[in-house]
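Readers should treat all values here as calculations from the given coordinates under stated rules, not as data from a laboratory. Please read all numbers here as calculations on a predicted model, not as lab measurements. Here the Cβ positions follow ideal geometry from the backbone for every residue, glycine too, while neighbour counts run over all protein chains shown.
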Amino acid sequence: MIFLKKYALFLLFSLLWIAMDCWGQYTPAVSNGYPDQIVLNISENLATSIAVSWRTDGNTGSSTLQIVRDQSQFNIADSAETLTARSELLDFKGIRTWHHSVLIEGLVAQTTYAYRVGQGEKWSEWINFKTTGGPETTLKFIYFGDVQANIKSLWSRIAKQSIRTLPDAQMVLYAGDIVNRGNNLNEWEDWYYASGNMHQSIPIMPAAGNHDHGDSDTGVYGISEYWNKQFELPKNGVMGLEGTTYYADVQNVRFVVFNTEMFNTYEKDKDNQMRWLEEVLANHKQRWVIMLFHHPVFSTKKNRDNVELRKLVKPLIDKYKVDLVLQGHDHTYARGKERVPMDGKGESHAAYVVSVSGPKMSEVQEADWMDCSASFTQLFHGVEVSQDKLTFSSYKVNGDLLDAFTILKTNGINNIKH
Ligand SMILES: [Fe+2]
């Protein structure tokens, strides 16, 4: 009898535990075939191509994209071209969702298009986007450091203010740690909520941080299960690190994104990325080079030091004259150029920036290489790149300018003005 009572109690607690766990779990918002999580992704050449990705529920296994250039009339659907999406099922943690993507090619530079995604009677709204221009045009983009915490309640302010301050931004860059737990769908949902419709009309260029990684259902450590389902990034990176290593030539800039978490975790991923970095930094004809990655070459905090990045990657930054290095991870702001340690080899060509956009923050440990720093301040940045000038501006969450610098390029030499 006592055994039965104990068994009944155990059963009751187990049921309660399961019920509580279920209450806390994500319930897919898409249950009726309508698309959501619509994202514009950068492509290898944003002047003539762009990638779109979106999600539907577990019962909607195929979807399409419609695109039209002439949008002066209300009945734009009549002249739209329809493209069939590549669709993949994600069955993870008991939740089934379909993820769709299309790479749109053959676009005309500096032209506004309208697109929508869906199927049958279930469509998104029509959404405008504009292709970028040629190398002679000025590029404007937003850069965010780590998002990671209180995404819905506090990071959302920075997202909305960034668009108010920089309404003509052509891309949005993230230096990683977009969420705190890469395989937690609730946190990604918070990020979609907080960013509003920003990523539907401005292409995203994300780098992956340590928190964007996690264990798969089979216990294999790697990039979040959601990352390559929800993003459709250029497939020109390292084999096995697709979606977290890639490059893109936008206007007059070569952007190079790589995965410092896997660089730090596995020797193979370090070696492969080093070979790939050498290749993509050496072989291009762009006037400017900007690198985007998570762990900083020069840390801004005590007890954090990425020695291997400094030993292996910094020589490539110097050798191939990278102009700007955008990083995150340390939850502070700092930037420097003229006093960056160079072992007696002159002045650093590259300017280094570490930043944070979310409310998880730390105090800067001041160091000689820094020209400017800030602690406990949520920031977003606007960057403008023309033929001979790069302007970098740092804004607080209320839109006030905190810091700015300009790099002037003359005969291949970069001079900074504060
Ligand atoms: Fe991090």
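Place the peptides 153-159, 255-261, 266-272, 370-376 in order of packing, highest mean first, counting for every residue the other Cβ atoms within 10 Å and averaging per peptide.
Top to bottom by mean Cβ count within 10 Å: 255-261, 153-159, 370-376, 266-272.
For the chain, evaluate the Debye formula with one uniform point scatterer on each Cα (no solvent term) and list log10 I(q)/I(0) at q = 0.06, 0.10, 0.11 Å⁻¹, rounded to two decimals.
Listed by q, the Debye log ratios stand at -0.26, -0.68, -0.82.
May I ask you to list the aspartates and glutamates whose Cα is less than 13 Å away from that of K270, ignoring any residue fewer than eight positions away on the same chain?
E261, E278, E308
I need the Debye-formula profile for the stretch 36-130: one equal scatterer per C-alpha, no solvent, reported as log10 I(q)/I(0) at q = 0.12, 0.24, 0.25 1/Å, two decimals.
-0.38, -1.27, -1.34
Quickly rank 202-208, 102-108, 46-52, 340-346 as a protection proxy: mean count of other C-beta atoms within 10 Å, highest first.
Highest to lowest by the protection proxy: 202-208, 46-52, 102-108, 340-346.
Just want to confirm a number: the relative contact order over the stretch 36-130, from Cα pairs under 8 angstrom separated by 6+ residues, in percent.
So the answer I get is 31 percent.
Filter K268/K409; K319/K409; K93/K152; K285/K337; K152/K235 down to the pairs with a C-alpha to C-alpha distance above 27 Å, please.
Going by Cα-Cα distance, K268/K409; K152/K235 fall outside the 27 Å limit.
Once the principal axes of the Cα atoms of the stretch 150-237 are found, what is the range along each, listed largest first in whole angstroms?
43, 33, 18
Hydropathy first: keep DSSP H helices in the chain averaging at least 0.5 on Kyte-Doolittle, then drop any whose Cα extent along the axis falls short of 20 Å, and list what survives.
Answer set is 2-23.
Based on the alpha-carbon gyration tensor of the stretch 334-388, what equivalent-ellipsoid semi-axes (square roots of 5 times the eigenvalues) come out, in whole Å, largest first?
In descending order, the three semi-axes are 23, 18, 6 Å.
Using +1 on the beta carbon of Lys and Arg, -1 on that of Asp and Glu, and nothing else charged, what's the dipole of the chain about the Cα centre, debye to 20?
The calculated dipole for the chain is roughly 480 debye.
At a threshold of 8 angstrom on Cα-Cα distance, excluding pairs fewer than six apart, so keeping six or more, what relative contact order does the chain reach in percent?
Across the chain, relative contact order equals 14 percent.
For the charge dipole of the stretch 36-130, defined by +1 on Lys and Arg C-beta atoms and -1 on Asp and Glu C-beta atoms about the Cα centroid, which residue among F92, L103, S62 has the Cα displaced farthest towards the positive pole?
It is F92.
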